[in-house]
Amino acid sequence: MAESPEARELVYLVTGGCGFLGEHVVRMLLQREPRLLELRVFDLHLGPWLEELKTGPVQVTAIQGDVTQAHEVAAAVAGAHVVIHTAGLVDVFGRASPETIYEVNVQGTKNVIEACVQTGTRFLVYTSSMEVVGPNIKGHPFYRGDEDTPYEAAHSHPYPCSKAQAEQLVLEANGREVHGGLPLVTCALRPTGIYGEGHQIMRDFYRQGLRLGGRLFRAIPASVEHGRVYVGNVAWMHVLAARELEQRAALMGGQVYFCYDDSPYKSYEDFNMEFLGPCGLRLVESRLLVPYWLLVLLAALNALLQWLLRPLFLYAPLLNPYTLAVANTTFTVSTDKAQRHFGYVPLFSWEDSRTRTIRWVQAMEGSAQ
Ligand SMILES: NC(=O)c1ccc[n+]([C@@H]2O[C@H](COP(=O)([O-])OP(=O)(O)OC[C@H]3O[C@@H](n4cnc5c(N)ncnc54)[C@H](O)[C@@H]3O)[C@@H](O)[C@H]2O)c1
Ligand SMILES: C[C@@H](CO)CCC[C@@H](C)[C@H]1CC[C@H]2[C@@H]3[C@H](O)C=C4C[C@@H](O)CC[C@]4(C)[C@H]3CC[C@]12C
């Protein structure tokens, strides 16, 4: 599309725009949405990197705000054409209370929807999660399923519960009349496990491996597939969905889309080794030494310790009964719904995604040692 200053007329708001995914969405919008006039980046914690974006042709407005505060959200949404709502409290480690998770993920999303309705913003893209579907607490595999695959979604953990409720609110809001009389158009994107530059858990595993003398220990059978998707492709999907919502409102409104790309189907640990291996770590086959029942016991012990120690300090290790169940249950997607509905094809090949992620881990190496 030809880029001309006259074509710049749209105002976008990205909530959570300073998070792992949010930063990629913000940068992608600046690179790939030529009609952008103003980009509002709303986050509880603003990143210093935003400053460098303020010299380009698009007005980048940094808004320090809290999605749980309805008036702050309404002020940020007023006058925006499109909202990409990616802010969320991602916590499966027991760091935040269930009430706080609900407040940010559910009430925060309600506030975004009501702000759109009150101020007349018509297009809302919500970052949901695969966890809205599963894995469920019964450990049923979801093997290369799509948006229509039947699956018993049964949640017990506050994070997936909150994402499921928020997604439902967003989908139900599709068609609501906004200020000015036109209908709200909404859709929800469901990433599987996102990886790429800035991924905190990848950083944690890398540092853990360095501490353990360059080794990580396999805990999950290699046969368990865990869906992963590159952050640049997830960001691109958000940009495309936001762009196409107006033209394809009837088709896309109220729909959900899994986020996918060409990343290979592997276990969580084997997938991480695609990046951590070239950075000098190796995966030690320890499953005979650490049988699954022992992991279950350790995870339960961690949960007990977290509860006992809570009055003194926060003990929140990566391994707990929930994370073990997620990592140990096959959940992968295979779909082309986003391509059919709004022309999505991954912007980054698997090779590109892998190379970019490896470079990022390598760059962090110096600081980790
Ligand atoms: N990381 C993944 O693998 C993954 C997978 C599926 C879905 N998601 C979803 O993607 C979204 C982004 O996740 P992420 O991995 O980038 O997490 P993140 O924690 O890096 O980013 C979330 C951002 O939201 C902001 N935020 C949190 N509470 C807020 C509040 N009260 N008000 C305003 N801003 C607030 C944070 O400051 C942060 O910048 C979330 O909605 C998450 O549920 C993430
Ligand atoms: C048993 C351990 C031995 O090495 C491995 C534990 C790994 C877990 C910490 C992660 C395994 C799967 C991850 C989750 C998944 O990728 C999808 C998610 C959806 C998203 O909405 C939020 C993040 C997450 C829940 C992600 C969190 C970390 C894992 C549980």
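The values are calculated or read from the model by the stated rules, or taken from the named source; none is laboratory data. A quick note: this is a predicted structure, and the numbers were derived from the prediction, not measured. Note that we place each Cβ from the backbone using ideal geometry, even for glycine, and neighbour counts take in every protein chain shown. In case anyone asks, the SASA skips ligands and DNA or RNA and just uses the protein heavy atoms, side chains included. Shrake-Rupley method; radii C 1.70, N 1.55, O 1.52, S 1.80 Å.
Miscellaneous remarks
- Cα-centred dipole magnitude for the stretch 1-127, charges only on beta-carbon of K, R (+1) and D, E (-1), debye, nearest 20: 240
- Applying 0.36 nm per residue to the separation of TRP350 and ILE63 and subtracting their alpha-carbon distance, the gain on full extension is 99.9 nm.
- With only the Cα atoms considered, the chain has a convex hull volume of 142 Å³ per residue.
- Estimated 222 nm signal from helices in the chain, with DSSP H stretches of n ≥ 4 weighted -39500 (n - 2.57), rounded to 500: -11500 deg cm²/dmol
- Potential lengthening of the chain between SER286 and ALA222 amounts to 21.8 nm, from the contour at 0.36 nm per residue minus the alpha-carbon distance.
- Protection-proxy order for peptides 127-133, 61-67, each taking the mean of Cβ atoms within 10 Å per residue, highest first: 127-133, 61-67
- The residue among TYR292, TYR322, LEU276 whose Cα reaches farthest toward the positive pole of the charge dipole of the stretch 258-357, with charges on the beta-carbon of Lys, Arg, Asp and Glu, is TYR322.
- A 1.4 Å probe run over the chain, with the rest of the protein chains in place, finds 44 Å² accessible per residue.
- The alpha carbon centroids of the stretch 297-369 and the stretch 236-282 are separated by 13 Å.
- Cβ-defined net charge surrounding THR100, 12 Å radius [Lys, Arg +1; Asp, Glu -1]: -3
- In order through the stretch 228-233: 3J(HN,Hα) via Karplus (6.51 cos²θ - 1.76 cosθ + 1.60), integer Hz, x for Gly, Pro: 9, 8, 6, 4, x, 6
- Note on the stretch 260-350: with neighbouring protein chains present and a 1.4 Å probe, carbon and sulfur make up 66 percent of its accessible heavy-atom surface.
- Calculated SAXS-style log₁₀ I(q)/I(0) at q = 0.11, 0.12, 0.13, 0.15 Å⁻¹ - the stretch 107-223, Debye, Cα scatterers: -0.55, -0.63, -0.70, -0.85
- With distances taken between every two different alpha-carbon atoms, the stretch 1-113 has a Kirkwood hydrodynamic radius of 14.6 Å.
- Evaluated over the Cα positions of the stretch 219-369, the convex hull gives a direction-averaged projected area, one quarter of its surface, of 12.4 nm².
- Simple rule: put +1 on each Lys or Arg Cβ and -1 on each Asp or Glu Cβ in the stretch 139-202, find the dipole, and look at GLN200, TYR143, ALA154; the Cα lying farthest toward the positive end is GLN200.
- Note that the stretch 106-121 has calculated 3J(HN,Hα) couplings of 9, 4, x, 5, 4, 4, 5, 4, 4, 5, 4, 5, 5, 9, x, 7 Hz, one per residue in order, obtained from phi through the Karplus relation 6.51 cos²θ - 1.76 cosθ + 1.60 (θ = phi - 60°); glycine and proline are x.
- Each Cα pair under 8 Å and six or more residues apart adds its sequence gap; the mean of these over the residue count of the chain is a relative contact order of 18 percent.
- DSSP finds beta bridges in the chain, and of those with both partners inside it, around 5 percent are antiparallel.
- For the stretch 194-263, the spread of Cα coordinates along the three principal axes comes to 54, 26, 19 Å, biggest extent given first.
- Placing +1 on the Cβ of every Lys and Arg and -1 on the Cβ of every Asp and Glu, with nothing else charged, gives the chain a dipole about its Cα centre of roughly 780 debye.
- Label-to-label distance, nm, for residues given as SER156 and HIS179 (7 Å Cα→Cβ offset): 4.5
- Note on the chain: Lys pairs 8 or more places apart or on different chains, Cα atoms under 27 Å apart, count 7.
- Rounded to 0.05, the FRET efficiency of the ASP262 and LEU304 pair, given R0 = 35 Å and the Cβ-Cβ distance, is 0.25.
- Residue-span extension gain [ARG359 to TYR143] - 0.36 nm each, minus C-alpha spacing: 74.7 nm
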